[in-house]
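Asker: Shown below is the structure under consideration.
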Amino acid sequence: MLLASGPSARRTATACRVAADLSDAALFGTLLPDAGRRPKIAGFAAAWGALCAAAAAAESRG
């Protein structure tokens, strides 16, 4: 995302990052062998996805 060549490439990279983080959250939240750690690990992944989405929204506003 940092090295994207322009706004369109940055939006695409950010969207991919958000999708990857949210899919990680879903998978970690359901498939980790240690059920006690699932919410914490999934929460971190979801938080990164939300942070990237918020950054993209802030950038698009100007």
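The values are calculated or read from the model by the stated rules, or taken from the named source; none is laboratory data. For clarity, every value in this text was computed on a predicted model and none was experimentally measured. Don't worry about glycine lacking a Cβ; one is built from the backbone with ideal geometry, like all the others, and counts go over all protein chains shown. Heads up: the accessible areas ignore ligands, DNA and RNA and are worked out on the full protein's heavy atoms, side chains in. Shrake-Rupley method; radii C 1.70, N 1.55, O 1.52, S 1.80 Å.
Asker: What do you get for the angle between helix 7-31 and the principal long axis of the chain? Use alpha-carbon atoms, 0 to 90 degrees, nearest ten.
Answerer: 0 degrees
Asker: Accessible area per residue for the chain in Å², computed with a 1.4 Å probe and the full protein assembly in place, what is it?
Answerer: 71 Å²
Asker: Now, a different point. Semi-axes of the chain's equivalent ellipsoid from the Cα gyration tensor, sqrt of 5 times each eigenvalue, largest first, rounded to whole Å?
Answerer: In descending order the semi-axes read 28, 11, 7 Å.
Asker: Right, here's the next one. Measure nothing fancy, just the Cα-based angle from helix 38-61's long axis to the longest principal axis of the chain, in degrees from 0 to 90, nearest 10.
Answerer: 10 degrees
Asker: How high is the FRET efficiency between Ala55 and Thr30 when r is their beta carbon distance and R₀ equals 35 Å, given to the nearest 0.05?
Answerer: With R0 = 35 Å, the Cβ-Cβ based efficiency is 0.85.
Asker: Using a simple charge model, +1 on the beta-carbon of Lys and Arg, -1 on the beta-carbon of Asp and Glu, nothing else, what dipole does the chain show about its Cα centre, in debye to the nearest 20? Let's see the in-between values first.
Answerer: Working: 7 positive and 4 negative charges, 17 e Å.
Using only the charged Cβ atoms, the result is roughly 80 debye.
Asker: If you roll a 1.4 angstrom probe over the protein chains with everything in place, what fraction of the accessible area of the chain belongs to carbon and sulfur, to the nearest %?
Answerer: After summing per-atom areas, the C and S share lands at 68 percent.
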